[in-house]
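Contents: one structure, followed by commentary.
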Amino acid sequence: MKDYRLVPRISEAEIMEQVDRVAEEVNRDYAGQSLLLVGILKGAYVFLADLARRLTMPVEVDFVRLASYGQSSETSGEVRITKDLELPVRGRHVLVVEDIVDTGLTLDWYLRHLKHLDAASVKLCAFVDKYERREVDVPLDYVGIRVPEGFLVGYGLDFAEKHRNLGGIFEVEFLE
Ligand code: IMP
């Protein structure tokens, strides 16, 4: 693998400010209701943990793991579920929690899958909206930060399974 360095992009303090803001929006929108948070593994585990602890309504948490067919660096849009939900979705208000949305193909596929499960409502929450390479217009109801491009790690995001544990978000810069 080529050598690379990590360039700081979003500090831990800025992340926490945005998580606070998103949690306030969710608390306002779902006041008086209960919510099923569906985290998409692995990347969403950090954001989901921070978000869930700021929510004031009754919350249940479940996880799904999705894998794309084809090359690991490119999303093909053909997705399969490698770990499914364990809680029932029917009649529930579902908030899907994702770490980052890039092309949108993965989330678009999962949304279409969820439609068959008869939830009372489905909304989407992504910490990073990386919008420049978007191929499908996925309706993001809650967004932490918007960035145009760049390969990001930290705050749950990985590069070859590394750096998920960093508190801030960094950009991977390859060295010549
Ligand atoms: P999409 O289907 O192109 O939107 O890809 C979404 C998935 O690709 C995310 O859930 C991440 O797992 C991965 N991904 C996309 N961009 C990045 C990045 O900048 N850093 C780490 N993972 C990323």
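Key figures
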item	result
Share, in percent, of DSSP beta bridges within the chain that are antiparallel, nearest 5	35
Cα-centred dipole magnitude for the chain, charges only on beta-carbon of K, R (+1) and D, E (-1), debye, nearest 20	440
ARG112 - accessible surface, heavy atoms, 1.4 Å probe, Å² rounded to 10	130
Separation in nanometres of the label points that stand 7 Å from Cα toward Cβ, at ASN27 and GLU161	3.8
The chain: angle of helix 105-115 to the longest principal axis, Cα-based, in degrees nearest 10	10
Percent of Cα pairs exceeding the 17 Å cut-off, where the set is the stretch 72-135	44
Within the accessible area of the chain (1.4 Å probe), percent carbon and sulfur	48
Accessible-area order (highest first, 1.4 angstrom probe) of the listed residues TYR155, TYR4	TYR4, TYR155
Residue-span extension gain [ARG133 to LEU55] - 0.36 nm each, minus C-alpha spacing	25.0 nm
Stokes-Einstein D for the stretch 31-137, Kirkwood Rh over Cα pairs, 37 °C, 0.692 mPa s (µm²/s)	230
0 to 90° range, to nearest 10: angle between helix 12-29 axis and the chain longest Cα axis	20
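The values are calculated or read from the model by the stated rules, or taken from the named source; none is laboratory data. Everything numeric here is computed off the predicted structure, so don't read it as measured data. Neighbour counts run over all protein chains shown; Cβ positions are idealised from the backbone, glycine included. To get the accessible areas, we keep the full protein, side chains included, count just its heavy atoms, and leave off ligands, DNA and RNA. Shrake-Rupley method; radii C 1.70, N 1.55, O 1.52, S 1.80 Å.
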